[in-house]
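Some notes on the structure that comes next.
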Amino acid sequence: MILKKPALYTDLYELTMAQGYFLSGRHTQAASFDYFFRKLPFDGGYVVFAGLADFLQSLEDFEFQPEELDYLKTQGFTDEFIDYLKDFEFTGDIYSVKEGEIIFPNEPVLRVEGSILETQILETLLLNTLNFESLIATKAARIKQAAGDKPVVDFGLRRAQGLGGLQASKAAVIGGFKGTSNVLAGMKYGVDISGTMAHSWIQSFEDELTAFRTYAEHYPDSSILLVDTYNTLDIGVPNAIKVAKELEEEGHRLKAIRLDSGDLAYFARKSREMLDEAGLDYVKIAVSNQLDEHLIKSLLDQDAPIDLFGVGTKLVTAYDNPALDGVYKLSSVNERPTLKISENVEKITLPGSKRVVRYFNEDGEFYRDGILLTDEEDITKVVHPYIDFKYTHTESLKKEELQQQVVKNGKRIIDLPAASESAAYAQKRLSQLPREFKRFDNPHIYKVGLSPNLRKLKDELIQQKES
């Protein structure tokens, strides 16, 4: 989080409920909340979980400042409640999958346990952080998948929604991007930063060749020349070739040219021909301009000789699916399992304290996920959440517990993962996800089942509420 003290980074109803719990004497009741999402974004087959490190960092700074309490008093909150908030700190426990994990709809990714007041008051901060970063990391993973072994760099800060650009840059790296143009993200998260030049640099000179020469003079071993300011093939690329030859004479090499407009596949082919004819086969071609996974796939399907992609707007805004519908739902109060019932069976929540187990096939690939009650021993099958005759036997399958405790008694007990660490983990896990779930068109639906005991508990609570 970019906020130093995030206590008021919340919705009003979190605080009105918190005061209600306090004034009714219920604020110390034990509670458990689950974070999960319901629908896959981008018509895809998976989500890359991101935002855990930022959320845990924010939690350490979660306290109400005197001026914030003064403001709440002007909004009608009672003196008694404001006195309580003066010393507020989170003292509960949090269990979570790792940052970079591949996750699927309706499974509890993260569980918060503590008093009803403190678990409730974290909701907005948690959802804001995890939903956004997971969404961008997922978009980045799809773009990286389309690019294959070609590096991809985040160029999106200027098009991001305000300060969300900082988290977007980090999430892009977790999703597989090589780096970012965002300098603050580079410093804060330890990710590689990268950049070229803008058209304004070239326009500020009387001619393009002088602009290129001046830039190369200052950056002789790292210049990437933007060649489409005036005329890409007649002026831009020939001028870049002249400068590249001059650099060679001085013992340096032009790093790349960049194309930012027009028919990128055509211009990349023609530029490659011109560079190669000039003996500059080492000069790479970078492209940008409203790229996403579909356009990148199209370019590479056309065998466009592109070496690097710069992706901005459609990454950091998650252009085609601008929100992940992650939710935070109460699952128990005073150790009593509870659930929310809906007319849509898919929206009925899962009761009780739960954990997630991942099962693998004989090739070590993801096969099924199972949601179990936390106090259950090994189970022999997972069943469909609401169709009786569908189930999977699990006795012979290799398995892995996905959640670990990350906060105990309010204190973080894990090291915060670096962006590079989460990125490496995400790539490892994506390699274990069968290709049919990674298709852009009509991906398979990954199956997530329940333990028979959890399914029974859910059905019994539904019957109780309806009777």
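Of LEU233, LEU254, LEU225, which residue is more than 30 Å from GLN427 (Cα to Cα), part of a loop (DSSP other than H, G, I, E, B) and modelled with pLDDT of 95 or more?
Selected residue: LEU254, the only one of LEU233, LEU254, LEU225 that is more than 30 Å from GLN427 (Cα to Cα), part of a loop (DSSP other than H, G, I, E, B) and modelled with pLDDT of 95 or more.
THR392 versus (1) closer than 30 Å to GLU293 by Cα; (2) touching a residue at least 12 places away in the same chain (Cβ under 8 Å); (3) not aromatic (Phe, Trp, Tyr): which is the lone unmet condition?
(1)
For segment 348-370, check the following and say yes or no: at least one residue is β-branched (Val, Ile, Thr), at pLDDT below 95 and either in a loop (DSSP other than H, G, I, E, B) or surrounded by 15 or more Cβ atoms within 10 Å (Cβ to Cβ) (or both).
There is at least one residue in segment 348-370 that is β-branched (Val, Ile, Thr), at pLDDT below 95 and either in a loop (DSSP other than H, G, I, E, B) or surrounded by 15 or more Cβ atoms within 10 Å (Cβ to Cβ) (or both).
Could you please let me know if GLY190 is open to solvent by 50 Å² or more (accessible area, probe 1.4 Å) and within 38 Å of the chain's Cα centre (by Cα)?
So GLY190 fits the description; yes.
Residues to consider are ILE121, ILE116, ILE143; find the one that is more than 30 Å from SER24 (Cα to Cα), open to solvent by less than 10 Å² (accessible area, probe 1.4 Å) and among the aliphatic types (A, V, I, L, M). Spell out the reasoning first.
Details: ILE121 fails: more than 30 Å from SER24 (Cα to Cα); ILE116 fails: more than 30 Å from SER24 (Cα to Cα).
Every option except ILE143 fails the conditions.
Does segment 210-217 contain at least one residue that is open to solvent by less than 20 Å² (accessible area, probe 1.4 Å) and touching a strand residue (DSSP E or B) at 6+ places or on another chain (Cβ under 7 Å)?
Initially, segment 210-217 is screened for residues open to solvent by less than 20 Å² (accessible area, probe 1.4 Å), giving 211-212, 216.
Applying the additional criterion that residues be touching a strand residue (DSSP E or B) at 6+ places or on another chain (Cβ under 7 Å) yields 212.
Yes, that holds for at least one residue.
Here is a list: SER261, SER342, SER332. Which entry is farther than 19 Å from SER194 by Cβ, in a strand (DSSP E or B) and of a type outside the set (Asp, Glu)?
SER332
Which one is least open to solvent (accessible area, probe 1.4 Å) among residues in segment 268-323 that are among the aromatic types (Phe, Trp, Tyr) and not in a strand (DSSP E or B)?
Checking each candidate, the answer is TYR282.
From PHE177, PHE205, grab the single residue that is at pLDDT 95 or above, open to solvent by less than 20 Å² (accessible area, probe 1.4 Å), in a loop (DSSP other than H, G, I, E, B) and within 20 Å of LEU259 (Cα to Cα).
Testing whether each residue is at pLDDT 95 or above, open to solvent by less than 20 Å² (accessible area, probe 1.4 Å), in a loop (DSSP other than H, G, I, E, B) and within 20 Å of LEU259 (Cα to Cα) leaves just PHE177.
Kindly indicate the residue of segment 96-113 that is part of a strand (DSSP E or B) and open to solvent by 10 Å² or more (accessible area, probe 1.4 Å) and also farthest from PRO417 (Cα to Cα) among those meeting that condition.
So the residue we want is GLU113.
Does GLU80 satisfy the criteria of being under 30 Å from GLN404 (Cβ atoms) and either open to solvent by 20 Å² or more (accessible area, probe 1.4 Å) or in contact with a Phe, Trp or Tyr (Cβ under 9 Å, 6 or more places away or on another chain) (or both)?
Details: under 30 Å from GLN404 (Cβ atoms): no; either open to solvent by 20 Å² or more (accessible area, probe 1.4 Å) or in contact with a Phe, Trp or Tyr (Cβ under 9 Å, 6 or more places away or on another chain) (or both): yes.
So GLU80 fails the test.
Confirm whether LYS381 is within 23 Å of ILE102 (Cα to Cα), open to solvent by 100 Å² or more (accessible area, probe 1.4 Å) and either touching a strand residue (DSSP E or B) at 6+ places or on another chain (Cβ under 8 Å) or among the β-branched types (Val, Ile, Thr) (or both).
no
The values are calculated or read from the model by the stated rules, or taken from the named source; none is laboratory data. These figures come from a predicted structure and were not determined experimentally. So basically every Cβ, Gly included, is an ideal-geometry build from the backbone, and we count neighbours across all protein chains shown. In case anyone asks, the SASA skips ligands and DNA or RNA and just uses the protein heavy atoms, side chains included. Shrake-Rupley method; radii C 1.70, N 1.55, O 1.52, S 1.80 Å.
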